[in-house]
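Read through the structure below, which is laid out as structure tokens, and then see the notes.
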Amino acid sequence: MRGIDRDSDTGRRLTAAGLVVGSAFSAQLGAAYAVSLIQSSTPAMAAMLRNLVGATVLVGLLLLRRGSLRGLDLKPALALGLILGVMNTSFYAAIARLPLGDAVAVEFAGPIAVAAITSSVRRELLWVALAAAGVLAISHPGPDHLSYAGLAFVLLAGACWGAYILVGRRVAVGGRRSDTLALAMVGSAAVLVVPALLQAAPLLGRPGFLALGVGVGVLSSAIPYSVELIAMERVPPTVFGVLLSLQPFMAAVMGLLVLGQHVSALEAIGLLLVIAASVGVTLGGRDPSVATEPVAA
């Protein structure tokens, strides 16, 4: 059977899909372990540790390849850093109050909104609608199920997630992707240092707590953000936003395996819908907005 050309539109979409699957697995495994981190500290401390570890790894890789931050465009880096700081803190505040799968499903309102707003192809709006139906089935909101405070936090995280897609796309196609991400991660950790230390500074002296923080940082930040920026380079925001609908599925799986949070029949139907949307948008037709030339990291 003839292989798929990686430089073709379908090849780029399949590559991006594979990258997003790997990113989702890593991010949601990290989120599951972050629940323990949050329970023993605060959302701000957990988010600061996550971002600090991610920043350390990315800056270390930058130094190993003798990279430099000289001449870097500071605006997208600082914007991305602020977005990541607020997004991670609000998401951690949400999963302290909501089941992991439900929180990620509701948070996905941000990527769905981006996909709907940026789409210029009616066929792709069908996949957006399918993903939205899946998210609605997964979240099954109601006063007996969702914490209102948790819902507010996760909606804020969703808005930041949508902004991350738009700003991240600019970073991905603007050149010096790795350098910009490293600086953004440093900024995202810096904005959380003061609230984190004020709330839970003594915990930084506990080796077990720090070890858990390092693991969460690598799984939730260093790996996913690096992989996602590569994926963003290959597909437009509409396609990338719907591919991210795999995140609720991964969150539900990790919630079950790591946290013992079970999935209802309705949630299972919703997961199938978002998977169908991801497959559909991945195998869809050519989008002329996709760049054909690789971007230098």
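The values are calculated or read from the model by the stated rules, or taken from the named source; none is laboratory data. Small disclaimer: the values here were computed from a predicted structure and weren't measured. Don't worry about glycine lacking a Cβ; one is built from the backbone with ideal geometry, like all the others, and counts go over all protein chains shown.
For this structure, a couple of remarks:
- Where V135 falls short, out of the listed (1) farther than 27 Å from L266 by Cβ; (2) surrounded by 19 or more Cβ atoms within 10 Å (Cβ to Cβ): (1)
- Considering residues of the stretch 257-278 that are without any contact (Cβ under 8 Å) to a residue 12 or more places away in the chain and in a helix (DSSP H, G or I) only, the residue surrounded by the most Cβ atoms within 10 Å (Cβ to Cβ): A268
- Of G208, G217, all but one fail to be outside any loop (DSSP other than H, G, I, E, B), out of contact with any Lys or Arg (no Cβ under 7 Å at 6 or more places or on another chain) and not hydrophobic (A, V, I, L, M, F, W, C); the exception is G208.
- The set of residues in the stretch 147-201 that are surrounded by fewer than 20 Cβ atoms within 10 Å (Cβ to Cβ) and either in contact with a strand residue (DSSP E or B) (Cβ under 6 Å, 6 or more places away or on another chain) or assigned to a loop (DSSP other than H, G, I, E, B) (or both) comprises S147, G174, G175.
- Annotation note: Cβ proximity below 7 Å between a residue of the stretch 235-256 that is within 15 Å of L100 (Cβ to Cβ) and a residue that is aromatic (F, W, Y) and modelled with pLDDT of 75 or more (sequence gap 6+ or interchain) occurs for Q247/F108; P248/F108; M250/F25.
- No other residue among R50, R13 is at pLDDT 85 or above, among the charged types (D, E, K, R) and surrounded by 22 or more Cβ atoms within 10 Å (Cβ to Cβ) apart from R50.
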